[in-house]
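Trainee: If you scroll down you'll find the structure; I have some questions about it.
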Amino acid sequence: MKVFKELSALKGFSNTVITIGSFDGVHTGHQKILERVKQLAKEVEGESVLITFHPHPRLVIEGEHSNLQLLSTIDEKIELVKKYGIDNLVIVPFTLEFSKQSPENYILNFLVHHFHPSRIVIGYDHHFGNQRKGDINLLKSYEEQCGFLVEEIPKQEIDHIAVSSSKVRKALSEGEIITATELLNHYFSITGEVIKGLSLGKELGFPTANLKIHDRYKLTPAVGIYAVYIHHNGHRYDGMLYLGNRPTIENATNYVIEVNIFDFDKNIYGENLKVDFVRRIRDDEKFPGLESLKAQLIQDKANALAVLGERKKLEEKEIQKKSLPKVAVVILNFNGRDYLNEFLPFVLSSSYPNLDIYVADNNSKDGSSQLVENSFQEVKLIQLKENHGFAKGYNEALKKIHADYFVLLNSDVEPTMNWIEPIIELMQRDATIGACQPKIKSHKNREYFEYAGACGGWMDKWGYPFCRGRIFEQVEEDKGQYDTSEEVFWASGAAMFVRAELFKQLGGFDGFFFAHMEEIDFCWRLKRAGYKVMVKPKSVVYHVGGGTLSNTNPFKTFLNFRNSLIVLYKNERKGKLYWLIPLRLVLDGLAGIRFLFQLKFSHINAIRKAHWDFFSSLAEHKNKRREENEAIEKVSIGTFQKTGVYSKSIVWQYFIKKRKSFKNL
């Protein structure tokens with residue numbers, strides 16, 4: 001990370017993604033902003049820039065009357081920002097003159113002139129300029145003129161507490177170290193110089209290092225005894241720290257910071273120590289005498305060691321978690337409140353450590369979002385402003401998520417506890433696997449496969465999809481006959497694991513599809529790029545099926561027939577399309593005759609509409625085919641993976657030869 005402390009020292013920035021603010025403490029809300037800045041910088045192939053101010057603007061504007069206490073000194077802030085992978089940190093010297101510029105001049109003469117941003121990311125309720133009159137609306141009004149886009153990150157909440165630096169300060173001032181750590185997502189720290197004290201601690205058997213903090217505005221927590229970590233010369237030591245006026249010591253009225261470093265006997269006068277606050281053990285107390293104080297210090301040390309021991313176990317789990325790839329389970333929801341209420345607890349019980357769970361809501365009207373916010377606080381909610389459908393809805397939601405793997409999960413799916421690990425282990429071992437699905441069984445008839453994906457999708461030579469365990473309407477009982485991990489042609493969108501970066505590089509789902517067969521289209525592109533699509537039956541989920549659109553709904557018939565033609569047109573060789581599309585129209589006509597005998601007249605009309613819609617939008621599909629071909633060329637690792645393509649007609653095998661199960665093909 002490059003650090004600039006003067007505007008005159010700035011290099012010639014261009015195509016930057018910037019964010020602006022004091023970032024005191026670099027808490028979880030700040031971290032969310034930085035994460036988004038990094039993500040956007042990668043997308044636009046630009047640089048990430050954090051712009052902050054020193055001294056803190058309030059200290060300049062309020063002057064000597066300011067009672068502000070800072071969570072981080074400027075040096076601490078630099079170290080914290082460095083942890084979060086920002087390319088450039090610009091520390092702007094803040095003056096009264098700078099504060100008096102109009103919001104318009106701030107935008108044009110400061111932000112645009114110095115940084116030439118293509119994106120500006122700001123936190124919730126961000127204000128700027130003279131008397132803080134500038135806001136997001138003013139910034140957005142300059143988008144077209146200045147060539148940037150503005151994005152606001154909503155306030156972050158932990159246990160329904162909006163995260164802010166003031167909330168962290170309040171927690172610390174009350175000694176609520178655990179709350180402060182959760183809000184910060186890191187330990188609160190102080191750094192001080194070791195100075196001479198009364199050496200009373202040494203007499204009591206607890207030698208202490210007295211610390212002097214040089215920044216007068218640096219916050220210190222409430223008085224009391226704390227379990228702490230102490231950093232010295234690259235090593236971390238256990239210890240306990242005292243803050244207070246030492247009421248037991250006669251005539252000792254001055255406020256002190258004393259730290260007892262366990263198993264440490266070095267002379268460190270004049271050196272700096274960094275102290276991480278882990279937990280408050282007790283309040284400050286006045287004891288009858290030094291022997292009583294010594295007895296209490298013995299107990300304090302035992303308590304501190306117990307606290308730090310438990311903390312180390314949590315840290316080890318966190319290290320293990322971070323060593324695993326980040327997995328984001330994303331549930332796209334539209335008016336599926338009851339399904340969320342029923343199945344989210346199963347998703348939350350997943351045993352995979354490095355996991356984030358999201359609900360992307362397609363502007364539901366049934367209280368789905370409120371349910372997630374009120375009853376499932378561990379789940380992250382992405383609120384979309386309209387119903388984009390399954391395909392485009394996922395595209396819009398996944399733009400906002402950073403992970404190594406996406407798991408696209410239907411809201412009506414009940415996963416087993418260890419459903420994630422087998423697939424991630426498989427995909428980690430083989431980088432040529434682009435997507436994978438678990439074994440999908442029926443939620444209602446749990447011994448049977450479920451229609452949408454069963455045990456891996458195949459495709460016949462004429463473009464008709466079927467599955468290991470399901471051909472057309474015939475669903476097999478699961479007797480372990482397909483329990484081998486195998487390469488297939490497509491993975492079900494009901495529970496699809498996919499490499500996140502690859503999903504984005506290939507353009508995600510085709511939004512035109514709205515719903516149904518978009519996963520087949522995407523997997524075909526994966527295989528054309530040389531990637532494999534797999535099924536891992538050791539991973540098991542149970543799917544209700546038809547939860548969003550029933551098989552008896554004519555709109556589903558319309559989508560299936562139309563989207564099937566689009567899939568073929570975009571992915572098959574041009575030469576084959578000249579005879580395949582007409583043949584499919586004939587076969588679709590035969591399906592219409594079958595509907596006629598079943599007296600399903602609305603489904604016949606749905607097929608007619610599907611054909612009309614396909615041909616009327618052919619120009620759009622032609623452009624999409626060209627764009628997707630270009631994307632495939634960029635990520636290609638080999639030739640088309642034909643595994644999963646059945647060399648015969650599944651229609652002939654099923655309806656004429658009466659072969660109803662996959663194993664008999």
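The values are calculated or read from the model by the stated rules, or taken from the named source; none is laboratory data. All of these numbers come straight from a predicted model, not from anything done at the bench. Heads up, the Cβs are rebuilt from the backbone with ideal geometry, glycines too, and the neighbour counts pull from every protein chain shown.
Trainee: State which residue is farthest from the chain's Cα centre (by Cα) when the search covers only region 74-131 and only residues that are among the acidic types (Asp, Glu) and within 16 Å of PRO55 (Cβ to Cβ).
Mentor: The qualifying residue farthest from the chain's Cα centre (by Cα) is GLU97.
Trainee: Provide a single number: the residues in region 319-349 that are in contact with a helix residue (DSSP H, G or I) (Cβ under 9 Å, 6 or more places away or on another chain) and farther than 15 Å from ASN410 by Cα.
Mentor: 4
Trainee: Sticking with this structure for a sec: Can you say whether ASP412 is crowded, with 20+ Cβ neighbours inside 10 Å and either modelled with pLDDT under 95 or not β-branched (Val, Ile, Thr) (or both), as far as the supplied structure shows?
Mentor: Considered against the rule, which asks whether it is crowded, with 20+ Cβ neighbours inside 10 Å and either modelled with pLDDT under 95 or not β-branched (Val, Ile, Thr) (or both), ASP412 comes out as yes.
Trainee: Would region 548-562 turn up any residue that is touching a Pro at 6+ places or on another chain (Cβ under 8 Å), under 27 Å from LYS399 (Cβ atoms) and not hydroxyl-bearing (Ser, Thr, Tyr)?
Mentor: No - not one qualifying residue is present in region 548-562.
Trainee: Still on this structure: Every residue in region 477-522 that is assigned to a loop (DSSP other than H, G, I, E, B), closer than 27 Å to VAL44 by Cα and not hydrophobic (A, V, I, L, M, F, W, C), please.
Mentor: Correct list: GLY507, GLY508, ASP510.
Trainee: Looking for whichever is at pLDDT 90 or above and in the same structural domain as LYS385 (by TED's automatic domain parsing) here; the options are LEU308, LEU332. Which one fits?
Mentor: LEU332
Trainee: What tally of residues in region 371-409 results from selecting those that are buried (at least 19 other Cβ atoms within 10 Å of the Cβ), small (Gly, Ala, Ser), out of contact with any Leu (no Cβ under 6 Å at 6 or more places or on another chain) and not in a loop (DSSP other than H, G, I, E, B)?
Mentor: The total comes to 3.
Trainee: Determine whether region 243-257 contains at least one residue that is modelled with pLDDT of 95 or more, within 27 Å of LYS286 (Cβ to Cβ) and of a type in the set (Asp, Glu).
Mentor: Taking every residue of region 243-257 in turn, none turns out to be modelled with pLDDT of 95 or more, within 27 Å of LYS286 (Cβ to Cβ) and of a type in the set (Asp, Glu).
Trainee: I would also like to ask the following. With respect to the numbered conditions (1) within 27 Å of TYR217 (Cβ to Cβ); (2) crowded, with 17+ Cβ neighbours inside 10 Å; (3) among the polar types (S, T, N, Q), which one is the sole condition not fulfilled by SER118?
Mentor: Against the list (1) within 27 Å of TYR217 (Cβ to Cβ); (2) crowded, with 17+ Cβ neighbours inside 10 Å; (3) among the polar types (S, T, N, Q), SER118 comes up short only on (1).
Trainee: Further question: Among the residues of region 182-202 satisfying the criterion of being more than 25 Å from SER165 (Cβ to Cβ) and in contact (Cβ under 8 Å) with a residue 12 or more places away in the chain, which is surrounded by the fewest Cβ atoms within 10 Å (Cβ to Cβ)? Show your work before the answer.
Mentor: First, the residues of region 182-202 that are more than 25 Å from SER165 (Cβ to Cβ): 193-202.
Applying the additional criterion that residues be in contact (Cβ under 8 Å) with a residue 12 or more places away in the chain yields 193-198, 200-201.
Details: GLU193: 16, VAL194: 19, ILE195: 13, LYS196: 8, GLY197: 15, LEU198: 14, LEU200: 17, GLY201: 18.
Looking at residues that are more than 25 Å from SER165 (Cβ to Cβ) and in contact (Cβ under 8 Å) with a residue 12 or more places away in the chain, I get LYS196.
Trainee: So, one more: What do you reckon, is PHE277 buried (at least 19 other Cβ atoms within 10 Å of the Cβ) and either in contact (Cβ under 8 Å) with a residue 40 or more places away in the chain or among the hydroxyl-bearing types (Ser, Thr, Tyr) (or both)?
Mentor: So PHE277 passes the test.
Trainee: Among what's in region 1-41 and is touching a His at 6+ places or on another chain (Cβ under 7 Å) and not in a loop (DSSP other than H, G, I, E, B), pick the residue that is surrounded by the most Cβ atoms within 10 Å (Cβ to Cβ).
Mentor: The selected residue is THR16.
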